[in-house]
Every structure is written in C-alpha cells, then in structure tokens.
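Have a look at the structure below before the remarks.
The values are calculated or read from the model by the stated rules, or taken from the named source; none is laboratory data. Fair warning: this is a prediction, and the values are worked out from it, not measured in the lab. Note: ideal-geometry Cβ built from the backbone for every residue, glycine included; neighbour counts use all protein chains shown. Surface areas here come from the heavy atoms of the whole protein model, side chains and all, with no ligands, DNA or RNA. Shrake-Rupley method; radii C 1.70, N 1.55, O 1.52, S 1.80 Å.
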Amino acid sequence: MSPTPSENSSSVTFRPPNKEDGAGILQLVHRLGVLDVNSAYAYMLIGEHHAGTSVVAEIDGKLAGFITAYILPESPEIVFVWQVGVSEAGRGQGLATRMLVEILKRPACADVCYLDTTIGPSNDPSQALFRGLARRLGTEVNEEVLFSSEMFGDFDDQPHEEEILFHIGPFDRRAIDSAA
C-alpha cells in the first residue's frame with residue numbers, strides 16, 4: 001500500500017507503518033508522556049503484523065502521528081484501536097480523526113462496521129475524539145468498563161485508571177466516505 005497524501009494538507013502523508021517505524025513510534029510515545037509505553041519490539045510487530053489496520057502520519061517526511069489498531073480475531077467486523085499519538089507538529093489539524101478515517105477506508109477494514117477502543121475516564125481529549133468520530137459516522141457510542149483499575153495490579157507508582165470500552169457503530173462504507 002503506497003502513501004496517500006492528505007486531502008486537507010499537502011504536507012501530511014498517511015501510510016501503513018513498517019517494522020522500521022517501531023523505534024520512532026516509541027520515541028514519540030516517550031515525548032508525548034501520556035500514553036502507556038510499550039517496547040520497541042511491540043511497535044515493530046505492529047508494523048510487521050498489523051500495518052493494514054494501523055497508520056503513521058508524516059509532516060514533511062517526519063513522524064507526526066500514529067495509530068496502532070487491529071481486527072479482532074473472533075469478530076472480524078470490529079477494528080480495535082490500541083493507541084493514538086499525535087506530535088506537537090501535528091496538533092490542531094484534525095490529524096487523529098483523519099488517521100482514524102484513513103484506517104477505516106483501508107481494504108483490511110472492508111468488513112468492519114464497528115470500532116472499539118478503551119479510554120481512561122480522565123482522558124477528555126480521547127473521549128472527545130472518539131465521540132466526534134461517532135458523530136461523523138452517524139452512529140452511537142456505547143460505553144462500559146472493560147478493565148477495572150484493580151485489574152492492573154500494583155506495578156506502577158500510581159494506580160492505573162479503569163479503562164472504559166467505547167464501542168462505536170454500526171456504520172457502513174458510505175458513512176466512512178462522508179466522514180473523510
């Protein structure tokens with residue numbers, strides 16, 4: 001799959017990640033300071049195994065954002081968005097929404113009519129992002145606690161917030177095309 005220039009800005013390009021992007025994604029996660037930090041290996045595997053459902057955005061050839069996502073093996077109609085990260089250079093351009101729509105337009109998501117993600121209750125920007133996406137797709141969001149804070153154990157210096165499942169859908173291809 002070749003890179004696609006953004007329709008809204010000629011300097012933004014979306015493309016599937018590759019394994020060579022793993023270290024750069026990890027560096028961006030560290031710079032952002034708000035996402036759970038995974039290993040470079042995990043991000044390399046996203047590029048190797050889930051490139052068709054994930055995306056990186058580049059501004060003038062530099063990594064400006066990424067989304068890691070995958071199709072649920074038991075539910076091929078659901079794409080699960082694992083992480084969304086946007087650099088300072090990518091903010092204020094609707095980049096996160098544009099990356100989500102880019103993923104939904106991909107051939108790997110041809111059978112997808114639901115999008116799932118989890119969000120902590122204090123993460124207002126992510127909640128706004130996904131509620132806004134649901135509005136653009138003309139569908140609803142159902143929310144329920146998927147992982148309680150107790151499930152995360154005592155591994156961090158601070159307790160981990162619960163993770164709320166945002167189940168968005170159903171939507172169809174026409175809604176995705178009009179959301180672009």
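Here the gap between residue 62 and residue 135, fully extended at 0.36 nm per residue and compared with their Cα-Cα distance, gives a gain of 23.2 nm. Dipole orientation for the chain: of the candidates 11, 84, 114, 11 has the Cα lying most toward the positive pole (charges on Cβ; Lys, Arg +1; Asp, Glu -1). Normalising by the residue count of segment 62-103, find the relative contact order in percent from Cα pairs under 8 Å and 6+ residues apart. Relative CO of segment 62-103 lands at 40 percent.
Relative to the current alpha-carbon distance between residue 11 and residue 158, full extension at 0.36 nm per residue lengthens the span by 49.0 nm. Sites count as exposed loop sites when they are GluC sites (Glu not before Pro), lie in a DSSP loop, and have at most 14 other Cβ atoms within 10 angstrom; the longest stretch of the chain without one is 8-73. Summary value for the chain: 16 percent relative contact order, contacts being C-alpha pairs under 8 angstrom separated by 6+ residues. About its Cα centre, the dipole of segment 58-180 is roughly 900 debye, where the only charges are +1 on Lys and Arg Cβ and -1 on Asp and Glu Cβ. Taking Lys and Arg as +1 and Asp and Glu as -1, the other residues whose beta-carbon sits under 14 Å from that of residue 45 total -2. Per residue, the solvent-accessible area of the chain (1.4 Å probe, heavy atoms of protein chains only, all protein chains present) comes to 53 Å². Please state the relative contact order of segment 72-145 as a whole percent: Cα pairs under 8 Å, 6+ residues apart? Here the relative contact order equals 35 percent. The Cα atoms of segment 90-150 give a gyration tensor whose axes a ≥ b ≥ c have a/c of 1.5 or more with a/b no greater than b/c, which makes the shape oblate. Spin-label pair residue 173-residue 88: with each label point 7 Å from Cα along the Cα-Cβ axis, the two points sit 4.3 nm from one another. Taking 7 Å along the Cα-to-C-beta vector as the label spot, tell me the residue 180-residue 45 distance in nanometres, rounded to one decimal. Here the answer is 3.2 nm between the modelled labels.
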